[in-house]
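To start, the structure itself, in structure tokens.
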Amino acid sequence: DGGITQSPKYLFRKEGQNVTLSCEQNLNHDAMYWYRQDPGQGLRLIYYSQIVNDFQKGDIAEGYSVSREKKESFPLTVTSAQKNPTAFYLCASSIGSDQPQHFGDGTRLSIL
Amino acid sequence: QKEVEQNSGPLSVPEGAIASLNCTYSDRVSQSFFWYRQYSGKSPELIMSIYSNGDKEDGRFTAQLNKASQYVSLLIRDSQPSDSATYLCAVTRDYGGSQGNLIFGKGTKLSVKP
């Protein structure tokens, strides 16, 4: 089945540690996105990529990094510089930048 | 700062009634509009897209768009308890270097009572 796979479902980060969240899609979509959702809040854009080997900062990129070496993959690293990383992280993809976005099941990140 | 505003709710309706969810947006040049449903603890699921003024119907769902008033709404007919969720309105950010990206509202929580 075509879709977006995020892993792991739950992740715990220790103080000073970098962690990487995986996002893979087999929809042949060009655009991919990372969002953060805090309780009772809307989705906030962290990074987005409209094409392989290119990505742009979103509204809250500080403390995060990404890569887009393959069309199918858009991993997100939460660095130790992100002081409040506890949130629900959502990866999405779309055919193009103005098309509907489809979401993976998300990763819940917590601090140990 | 461009914004998308939704009433946070909760909006409570009886089973079988029509639920009406509203959204206003500040960017006059936005071109594409989406409604997502998000169950508690789950990821958002796209339920409707609308691009031109007027109504668009899909099953029990009708999206309504009025670009002059910068207003988009979602009607759910014959509401069911399974429709209880948070509904997110999303609008394209059609300006600057981030054209096409979505701005999300904080969502309206809908509760359908049996």
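Report yes if some residue within region A:69-92 is touching an Asp or Glu at 6+ places or on another chain (Cβ under 9 Å), among the hydroxyl-bearing types (Ser, Thr, Tyr), surrounded by 17 or more Cβ atoms within 10 Å (Cβ to Cβ) and within 14 Å of another protein chain (Cβ to nearest Cβ); otherwise report no.
no
Which one of these is surrounded by fewer than 21 Cβ atoms within 10 Å (Cβ to Cβ), assigned to a strand (DSSP E or B) and of a type in the set (A, V, I, L, M, F, W, C): B:Leu88, B:Leu46?
Numbers: B:Leu88 fails: surrounded by fewer than 21 Cβ atoms within 10 Å (Cβ to Cβ).
From the options B:Leu88, B:Leu46, the qualifying one is B:Leu46.
When the residues of region A:98-112 are filtered to those that are surrounded by fewer than 20 Cβ atoms within 10 Å (Cβ to Cβ) and among the polar types (S, T, N, Q), which remaining residue is nearest to the other protein chains (Cβ to nearest Cβ)? If you could, list the steps in order and put the result at the bottom.
Going through region A:98-112, the residues surrounded by fewer than 20 Cβ atoms within 10 Å (Cβ to Cβ) turn out to be A:98-100, A:105, A:108, A:110-112.
Narrowing further to those that are among the polar types (S, T, N, Q): A:99, A:110.
Numbers: A:Gln99: 8, A:Ser110: 14 Å.
Ranking the candidates gives A:Gln99 first.
Okay, residues lined up against (1) closer than 19 Å to A:Leu43 by Cβ; (2) of a type in the set (Ser, Thr, Tyr); (3) modelled with pLDDT under 95:
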residue: B:Gln1; (1), (2), (3): yes, no, yes
residue: B:Ser8; (1), (2), (3): yes, yes, yes
residue: B:Pro14; (1), (2), (3): no, no, no
residue: B:Asp27; (1), (2), (3): yes, no, yes
residue: B:Phe34; (1), (2), (3): yes, no, no
residue: B:Ser43; (1), (2), (3): yes, yes, no
residue: B:Met48; (1), (2), (3): yes, no, no
residue: B:Arg60; (1), (2), (3): no, no, no
residue: B:Ile76; (1), (2), (3): no, no, no
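Consider A:Val66 carefully, then state whether it is closer than 16 Å to A:Gln6 by Cα, in contact (Cβ under 8 Å) with a residue 60 or more places away in the chain and either facing chain B (nearest Cβ under 9 Å) or surrounded by 19 or more Cβ atoms within 10 Å (Cβ to Cβ) (or both). Walk me through it before giving the result.
Working: closer than 16 Å to A:Gln6 by Cα: yes; in contact (Cβ under 8 Å) with a residue 60 or more places away in the chain: no; either facing chain B (nearest Cβ under 9 Å) or surrounded by 19 or more Cβ atoms within 10 Å (Cβ to Cβ) (or both): yes.
No; evaluated as a whole, the condition is false for this residue.
Do you know which residues across region A:32-60 are hydrophobic (A, V, I, L, M, F, W, C), more than 9 Å from chain B (Cβ to nearest Cβ) and in a strand (DSSP E or B)? Before you say what the answer is, go through the steps one by one.
At the first step, the residues of region A:32-60 found to be hydrophobic (A, V, I, L, M, F, W, C) are A:32, A:34, A:43, A:45-46, A:51-52, A:55, A:60.
Filter once more, so that each one left must be more than 9 Å from chain B (Cβ to nearest Cβ): A:32, A:34, A:46, A:51-52, A:55, A:60.
Answer for region A:32-60, where residues must be hydrophobic (A, V, I, L, M, F, W, C), more than 9 Å from chain B (Cβ to nearest Cβ) and in a strand (DSSP E or B): A:Met32, A:Trp34, A:Ile46, A:Ile51, A:Phe55.
So which of A:Lys83, A:Lys71, A:Lys14 ends up being touching a residue at least 24 places away in the same chain (Cβ under 8 Å) and either farther than 30 Å from B:Gln31 by Cβ or acidic (Asp, Glu) (or both)? Show your work before the answer.
On the way: A:Lys83 fails: touching a residue at least 24 places away in the same chain (Cβ under 8 Å); A:Lys71 fails: either farther than 30 Å from B:Gln31 by Cβ or acidic (Asp, Glu) (or both).
After ruling out the rest, the residue left standing is A:Lys14.
Please work out which residue is nearest to B:Trp35 (Cα to Cα), limiting yourself to region A:61-112 and to residues that are part of a loop (DSSP other than H, G, I, E, B) and of a type in the set (Ser, Thr, Tyr).
Step one: of region A:61-112, the residues part of a loop (DSSP other than H, G, I, E, B) are A:61-63, A:67-69, A:71-72, A:74-75, A:79-86, A:95-101, A:104-106, A:112.
Those still in the list that are of a type in the set (Ser, Thr, Tyr) too: A:67, A:79-80, A:86, A:97.
Values: A:Ser67: 29, A:Thr79: 32, A:Ser80: 34, A:Thr86: 26, A:Ser97: 17 Å.
It comes out as A:Ser97.
When you check B:Asp27 against the structure, is it farther than 29 Å from A:Arg108 by Cβ and in a strand (DSSP E or B), yes or no? Write out each step before concluding.
Numbers: farther than 29 Å from A:Arg108 by Cβ: yes; in a strand (DSSP E or B): no.
In short, no.
The values are calculated or read from the model by the stated rules, or taken from the named source; none is laboratory data. As the structure is a computational prediction, the values presented were derived from the model and not from experiment. A quick note on method: Cβ atoms are made from the backbone with ideal geometry, for glycine too, and the neighbour counts reach across all protein chains shown.
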